[in-house]
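The values are calculated or read from the model by the stated rules, or taken from the named source; none is laboratory data. All figures in this text were calculated on a predicted structure; none of them were measured in a lab. Cβ atoms come from the backbone with ideal geometry, glycine included; neighbour counts cover every protein chain shown. SASA here: full protein model, heavy atoms, side chains in, ligands and nucleic acids out. Shrake-Rupley method; radii C 1.70, N 1.55, O 1.52, S 1.80 Å.
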Amino acid sequence: MSTNSFGRLFTVTTWGESHGPALGATVDGCPPNIPLDASMLQVWLDKRKPGQNKYTTQRQEADEVEILSGVFEGKTTGTPIQLMIRNTDQRSKDYGDIMDKFRPGHADITYWQKYGIRDYRGGGRSSARETAARVAAGGVAREVLKSMLPDLKITGYMVQMGPDKIDRNAIDLSQIEQNPFWTPDADAAERWADYLNGLRKSGNSVGAVIEVIASGAPAGLGAPVYGKIDTDIATAMMSINAVKGVEIGAGFGAAELTGEDNADEIFMGQDGPQYSSNHAGGILGGISTGQDLVCRFAVKPTSSILKTRKTITKSGEEAEIITKGRHDPCVGIRAVPVGEAMMACVILDHVLLHRGQIGENQGKIG
């Protein structure tokens, strides 16, 4: 199996399986002399780890990250950084009943059709547990960005659970870490708690929409045609397990607008160009404008549910299946720190690409 890496100058290769002894990431292209230790990465992993409340899987993993290489005396050396997270609470026996059956909505059937082998213990590489490695790698990217773009801030939050959307007039970013859903709307959090309690007790699940905003990114990141930063953001978010759609800026909503409404008018401010709105999501022609980079991604309902579903076996026989084990009733909750991590990796990759080719922005205004 190839294609386990992403990025061009700042590259991340993840490895390991959901029920193997460990998983992790190899991070290459990190500049030297960046202060880094495991505690700086752990803060992000703690946001993603399972078992924190009744609305997530009850698998108990500490998700403690170990740095095996690429750091000396508390600073990066410029060589590959090896990150490892040990699995400590696997219950592979929960999956014994499905070794010959394909779970609807899962990658079981496509992995078997492509490779002729699959790890039925929680899905192996197709498991969302793989995203722990991405979050650790994103932590490395954040530390580099602190030194290169000190004003950059990446914020993710849930804006929709099932059909219920937040009230954008009630957004309070201070609420994001005050509820288990990472949402800036306190009223929505209360509604979602009641809704998800019912689904969880019935053995069902639901999808969600996550928004990720990067403020403080400079103008000039990205390149035309095949090097667009929005292309890479979309690719990064789409690669997250269970994601089925990505929007940049107004996204699909732009189809409902006229050209007059959609155009972000430009004005000259004291510190450079300013815009009347941000329907473009901070990107024009694949290049950042200096506005907030805005993306959203839709996460499908968790496919592992305690509901009887029809399926087939490897021999082609009809069967029924119930997926036992410990699963998230809304996997979108723990997707928030994953989306933030992917945004950090993409931005750092483009900062390094820009620095290597252009250095300072060439076109001056005013």
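Quick check on I213: is it open to solvent by 30 Å² or more (accessible area, probe 1.4 Å), closer than 16 Å to L145 by Cβ and among the β-branched types (V, I, T)? Taking the combined requirement at face value, the residue satisfies it.
Could you check the range 302-319 and list, in sequence order, the residues that are in contact (Cβ under 8 Å) with a residue 60 or more places away in the chain, out of contact with any Lys or Arg (no Cβ under 9 Å at 6 or more places or on another chain) and open to solvent by 60 Å² or more (accessible area, probe 1.4 Å)?
To start, the set of residues in the range 302-319 that are in contact (Cβ under 8 Å) with a residue 60 or more places away in the chain comprises 302-307, 309-315, 319.
Now drop any that are not out of contact with any Lys or Arg (no Cβ under 9 Å at 6 or more places or on another chain), which leaves 302, 305, 307, 310, 315.
Result: K307, K310, S315.
Filtering the range 182-203 to residues that are farther than 22 Å from K324 by Cα and either assigned to a loop (DSSP other than H, G, I, E, B) or touching a Ser or Thr at 6+ places or on another chain (Cβ under 8 Å) (or both) leaves W182, T183, P184, D185, A189, W192. Residues that are open to solvent by 30 Å² or more (accessible area, probe 1.4 Å) and part of a strand (DSSP E or B) within the range 1-42 comprise S5, F6, T11, T13, W15, T26, D28, P35, listed in sequence order.
Residues of the range 77-100 that are outside any loop (DSSP other than H, G, I, E, B), at pLDDT 85 or above and out of contact with any helix residue (DSSP H, G or I) (no Cβ under 8 Å at 6 or more places or on another chain): Q82, M84, R86.
Please verify whether G332 is surrounded by 17 or more Cβ atoms within 10 Å (Cβ to Cβ) and closer than 24 Å to L149 by Cα, treating the condition exactly as stated. Answer is no for this residue. Taken over the range 179-208, the residue count meeting the criterion of being open to solvent by 30 Å² or more (accessible area, probe 1.4 Å) and within 30 Å of I287 (Cα to Cα) is 1.
To keep it simple, each residue is scored yes or no on (1) more than 11 Å from the chain's Cα centre (by Cα); (2) under 21 Å from K153 (Cβ atoms); (3) β-branched (V, I, T); (4) outside any helix (DSSP H, G or I).
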residue: P218; (1), (2), (3), (4): yes, yes, no, yes
residue: L221; (1), (2), (3), (4): yes, yes, no, yes
residue: G227; (1), (2), (3), (4): yes, no, no, yes
residue: D232; (1), (2), (3), (4): yes, yes, no, no
residue: M237; (1), (2), (3), (4): no, yes, no, no
residue: N241; (1), (2), (3), (4): no, no, no, yes
residue: K244; (1), (2), (3), (4): yes, no, no, yes
residue: G253; (1), (2), (3), (4): yes, no, no, no
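Per-residue answers, yes or no, for (1) among the acidic types (D, E); (2) assigned to a helix (DSSP H, G or I); (3) touching a residue at least 12 places away in the same chain (Cβ under 8 Å):
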{"site": "G105", "(1), (2), (3)": "no, no, yes"}
{"site": "Q113", "(1), (2), (3)": "no, yes, no"}
{"site": "R125", "(1), (2), (3)": "no, yes, yes"}
{"site": "V140", "(1), (2), (3)": "no, yes, yes"}
{"site": "G156", "(1), (2), (3)": "no, no, yes"}
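Taking the criterion of being over 20 Å from the mean Cα position of the chain (by Cα) and closer than 29 Å to I109 by Cα, the residues of the range 120-162 that qualify are Y120, R121.
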